[in-house]
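Right, one structure below, let's go through it.
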Amino acid sequence: DERHIAGFAIFSNSFGQPSQYGYYGWRFRPLDSAPKLFVKLTAGVIHGYKRPYDGKIPFNNRHGWGLTAIPAVGYDFTRNWGGQVNVLGNAGLMFQINYAVR
């Protein structure tokens, strides 16, 4: 089912710390007139926001483990390739390119 998604991301956070995000989520196509447009919500465990930046992620402990949810809006360019904009709370936006194995 295309609506259910799961994944794992490895990245350098805004403070230069190596970070990881394991997630599960849902993807919806809200407009029949724009079938390539989608809205996505993922939630999961995030790791890597350590002192002195551990307070930047809600529900984060001092060892860098926390919980988060990330809403996004995106567009599928082809069957496998797409792009999206992730809303990172009041911290900013992240632009992402996706490759889906189908």
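The values are calculated or read from the model by the stated rules, or taken from the named source; none is laboratory data. Everything numeric here is computed off the predicted structure, so don't read it as measured data. Cβ coordinates were reconstructed from backbone atoms using ideal geometry, including for glycine residues, and neighbour counts include every protein chain displayed. Just so you know, the surface numbers come from the protein's heavy atoms only, side chains and all, with ligands and any DNA or RNA stripped out. Shrake-Rupley method; radii C 1.70, N 1.55, O 1.52, S 1.80 Å.
Per-residue answers, yes or no, for (1) modelled with pLDDT of 95 or more; (2) farther than 26 Å from residue 101 by Cα; (3) out of contact with any Ser or Thr (no Cβ under 6 Å at 6 or more places or on another chain); (4) of a type outside the set (D, E, K, R):
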{"residue": "1", "(1), (2), (3), (4)": "no, no, yes, no"}
{"residue": "15", "(1), (2), (3), (4)": "no, yes, yes, yes"}
{"residue": "34", "(1), (2), (3), (4)": "yes, no, yes, yes"}
{"residue": "38", "(1), (2), (3), (4)": "yes, no, yes, yes"}
{"residue": "41", "(1), (2), (3), (4)": "yes, no, yes, yes"}
{"residue": "45", "(1), (2), (3), (4)": "yes, no, yes, yes"}
{"residue": "56", "(1), (2), (3), (4)": "no, yes, yes, no"}
{"residue": "72", "(1), (2), (3), (4)": "yes, no, yes, yes"}
{"residue": "79", "(1), (2), (3), (4)": "no, no, yes, no"}
All positions within region 1-42 that are outside any loop (DSSP other than H, G, I, E, B), among the aliphatic types (A, V, I, L, M) and exposed (fewer than 14 other Cβ atoms within 10 Å of the Cβ): 6, 10
Flagged in region 83-99 as small (Gly, Ala, Ser) and either touching a residue at least 40 places away in the same chain (Cβ under 8 Å) or open to solvent by 60 Å² or more (accessible area, probe 1.4 Å) (or both), in numbering order, are 89, 91, 92
Taking the options 51, 79, 102, 62, name whichever one is of a type outside the set (Ser, Thr, Tyr), touching a helix residue (DSSP H, G or I) at 6+ places or on another chain (Cβ under 9 Å), surrounded by fewer than 16 Cβ atoms within 10 Å (Cβ to Cβ) and not in a strand (DSSP E or B). 62
